[in-house]
Amino acid sequence: MVKDKTRRQKNGSSRPGGTTDAGSKRGEPRRAAGAPAGKPPLLHVRKARQEAVSPAEAARPLQRHAGDKPRENVPLILETDGGDAYRLIDSGNGEKLEQYGPYRIVRPEAQALWPRALPDAVWDGADAVFTGDTDEDGMGRWRFPGMALGETWPMKLLDTDFHGRFTAFRHVGVFPEQLAHWRWVQERIRKADRPLKVLNLFGYTGVASLVAARAGADVTHVDASKKAIGWARENQALCRGENLPIRWICEDAMKFILREERRGNGYDIVLADPPKFGRGPNGEVWQLFEHLPLMLDVCRAILAPQAVGFVLTAYSIRASFYSIHELMRETMRGCGGIVESGELVIRERGLEGRAAGRALSTSLFSRWIRE
């Protein structure tokens, strides 16, 4: 079950992480190669920025839009309760205990500042525990206290089958807090009086794409990782969706949307879930704080004339949701509609799924909706 909750008071929380190089320690400022420790000279800063921008991006300046900003609804808290297939059992002491299908899993969670609610014996009975680097993108390994488990296992959310997966980066192939967005997309597609075109950027293992396609949309799924595209195709086969209208595209997201803008292609719904740092298949560099404004601007340009909405989710960044909220409103000047922004949270449900515990914040989001 997903609930929309609007709060009058400012949330005040910020997300961990930042614009650091892959493999660097959390919180360390990024500096150009060869720059001395401490504050780098201006020359190195300019060089780093030039290297981070591709020729295609440099040729497409950020546009300034006229008109009124969309109406706003802040802060909006989208809450996921979970169910039989997934639920947050407990959290605390920098970790979370979750139920994924048949397995109970323990993973690091920096937002869980409070003590555990359930006894240690419950946590000790987990089927899998992630150990190693606790950074969001840090590598580690899985420990299986009881018996060795396979790499994948079957899961189902919103009547869509897919594989859960033990990865080296503590992720398990799905982000269940995104159920709030998936339900919204599913509802909009089903209520539309025409087939909708959905663009899923940074699409990962394709669960959102499969949910949208099963609801009746034509979907374009873009991810720079060949491995992620392979996993997405496996999920498509698992849910018997080989005939679903999905284009699986392995490409740098910025390059793809810039080309779509030049071609004049449009989409009714755009979903964007960018990382804080990443590289495309040809070494393209993505830095969230540097490139997000241009990415949003290009996404606006490829929204169809009667577009339904544009959803941005941001993980592991040092920012308030107000930052991306104001960026989204500036981007969508003159388009009317409303911009809703806040946080995605998951509510603890206990061992049996009936308790109502604490809410664990997972990410920031902002979405523009045509009214």
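The values are calculated or read from the model by the stated rules, or taken from the named source; none is laboratory data. Worth saying up front: this structure is predicted, and the values here are computed from it rather than measured. Backbone-built Cβ (ideal geometry, glycine too); neighbour counts: all protein chains shown.
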| query | Name the residues in region 63-109 that are more than 20 Å from Arg367 (Cα to Cα), out of contact with any strand residue (DSSP E or B) (no Cβ under 9 Å at 6 or more places or on another chain) and surrounded by fewer than 19 Cβ atoms within 10 Å (Cβ to Cβ), would you? | reply | Asn93
| query | If only one of Arg194, Arg183 is of a type in the set (D, E, K, R), outside any helix (DSSP H, G or I) and surrounded by fewer than 23 Cβ atoms within 10 Å (Cβ to Cβ), which one is it? | reply | Arg194
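Got a sec? Which of Val129, Val122, Val172 is among the β-branched types (Val, Ile, Thr), at negative phi and under 20 Å from the mean Cα position of the chain (by Cα)?
After ruling out the rest, the residue left standing is Val172.
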| Considering region 319-345 alone, what residues qualify as being within 30 Å of Ala126 (Cβ to Cβ) and either touching a Gly at 6+ places or on another chain (Cβ under 7 Å) or of a type in the set (Asp, Glu) (or both)? | Glu343
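Inspect region 346-358 for any residue being aliphatic (A, V, I, L, M), at pLDDT 95 or above, buried (at least 22 other Cβ atoms within 10 Å of the Cβ) and over 30 Å from Arg116 (Cβ atoms) and give the result as yes or no.
Initially, region 346-358 is screened for residues aliphatic (A, V, I, L, M), giving 346, 351, 355-356.
Now drop any that are not at pLDDT 95 or above, which leaves 346.
Filter once more, so that each one left must be buried (at least 22 other Cβ atoms within 10 Å of the Cβ): 346.
So of that shortlist, the ones also over 30 Å from Arg116 (Cβ atoms) come out as none.
No, because not a single residue in region 346-358 is aliphatic (A, V, I, L, M), at pLDDT 95 or above, buried (at least 22 other Cβ atoms within 10 Å of the Cβ) and over 30 Å from Arg116 (Cβ atoms).
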| said: Looking for something in contact with an Asp or Glu (Cβ under 7 Å, 6 or more places away or on another chain), among the charged types (D, E, K, R) and surrounded by fewer than 22 Cβ atoms within 10 Å (Cβ to Cβ) - is there at least one such residue anywhere in region 298-317? | reply: no
| message | So Ser361 passes all but one of these: (1) in a strand (DSSP E or B); (2) in contact with a helix residue (DSSP H, G or I) (Cβ under 8 Å, 6 or more places away or on another chain). Which condition number does it fail? | response | (2)
| task | Being touching a helix residue (DSSP H, G or I) at 6+ places or on another chain (Cβ under 6 Å) and either at pLDDT 95 or above or more than 20 Å from Val185 (Cβ to Cβ) (or both) narrows it down to one of Val207, Val285, so name that one. | result | Val285
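Could you tell me whether region 304-314 includes any residue that is closer than 26 Å to Trp184 by Cα, in a helix (DSSP H, G or I), in contact with a Ser or Thr (Cβ under 9 Å, 6 or more places away or on another chain) and in the same structural domain as Val185 (by TED's automatic domain parsing)? Give the derivation first.
Residues of region 304-314 that are closer than 26 Å to Trp184 by Cα, as a first pass: 304-314.
Those still in the list that are in a helix (DSSP H, G or I) too: none.
Taking every residue of region 304-314 in turn, none turns out to be closer than 26 Å to Trp184 by Cα, in a helix (DSSP H, G or I), in contact with a Ser or Thr (Cβ under 9 Å, 6 or more places away or on another chain) and in the same structural domain as Val185 (by TED's automatic domain parsing).
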